[in-house]
Amino acid sequence: MKILIVSATQFEIEPLFLQFTFEKTTHPHLKSYTYKTHQIDVLISGIGMTNTAFMLGKTFSSKPYGLAINLGIAGSFDENLTLGETIHVTSDQIAELGAEDEDNFLSLSDLGLTDVSQEIINSNPFQNPIISSLKKVNAITVNTSHGNEFSIQKIKKRLNPQVESMEGAAFLSACLFENIPCAQIRTISNKVEKRNKDNWDIPIAINNLCKTGLEIINSL
């Protein structure tokens, strides 16, 4: 199978692609590997929606894929999600896309600019037993990760997200536009709270993320 693995940064998935056999570098952000019978491209998109959208547009325009997987870490609003837990994001949305009106937020629908829901639902999920076993969650994608109690309460009241990332909605949108079966897989590295890096556990998140990624590929 031809697989695309997308991650914002190399360090989030390095333990995974070190299991693969390197083949070639297409450009500085895209490298090709083989693993068992699979051809695997690893795209390091860079952080944020803009980088992710551009890199996926560039990549999808030149290569076909049977599966695209977004692997990354995430912050959790949901107290039922634990540090190191790997989840499957099945719906996402860009939290800041709209306008402010004093203390109120106006979505594109509120502004009369669209009648289409801003929630991006993965309507073309890849069918896989490992992915199916993961907890399904809803997410928001942000340019600024939340670390202020007031803004956290506002976004929880408005959208009630379970997790947040800085790339997920761009990944899902690109895959859906190109009709590529996909999965956004993330592992919880921190609770969304007043910023306190002492409470984060990025090493265990990366370890569990890469372990799940390899399990998915081994199950294909």
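For the chain, the 222 nm mean residue ellipticity estimated from helices alone, with every DSSP H stretch of n ≥ 4 adding -39500 (n - 2.57) and the total spread over all residues, rounds to -8000 deg cm²/dmol.
Contact order, relative form, for the range 143-204: 41 percent (alpha carbon pairs under 8 Å, 6 or more residues apart, mean separation divided by residue count).
Taking a sphere under 11 Å around the Cβ of Ala68 and counting the other residues whose Cβ falls inside, with K and R at +1 and D and E at -1, yields a net charge of 0.
Residues of the chain were split at every exposed loop site, defined as trypsin sites (Lys or Arg not before Pro) in a DSSP loop with at most 16 other C-beta atoms within 10 angstrom, and the longest piece left, sites excluded, is 37-193.
Neighbour counts of C-beta atoms inside 10 Å place Ser62, Ser91 in the sequence Ser62, Ser91, starting with the fewest. Cysteine residues of the chain whose Cβ has no partner cysteine Cβ closer than 4.7 Å: Cys210. For the range 117-139, the residues whose amide N sits under 11 Å from a probe point set 7 Å from the Cα of Ser219 along the beta carbon direction are 127-135.
Over the range 35-183, the reciprocal of the mean inverse Cα-Cα separation, the Kirkwood hydrodynamic radius, stands at 16.6 Å.
Only beta bridges with both residues in the range 1-50 are counted; by DSSP, about 65 percent of them are antiparallel. Centroid-to-centroid, using Cα positions, the range 159-220 and the range 67-88 are 4 Å apart. Only lysine pairs 8 or more places apart or on separate chains count here, and in the range 1-138 those with Cα atoms under 15 Å apart total 7.
By the count of neighbouring beta-carbon atoms within 10 Å, fewest first, Glu119, Glu178 end up ordered Glu119, Glu178. Taken along the Cα-to-beta-carbon direction at a fixed 7 Å, the label points for Asn179 and Arg158 span 3.5 nm. In this structure the amide hydrogen of Ala68, modeled in the peptide plane, comes within under 5 Å of the amide hydrogens of Leu4, Cys182, Ala183, none closer than 5 places in sequence on its chain.
Coordinate-derived values only; no laboratory data. Every value quoted in this text rests on a predicted model; they were computed, and no experiment measured them. All Cβ positions, glycine included, derive from the backbone under ideal geometry; neighbour counts span all protein chains shown.
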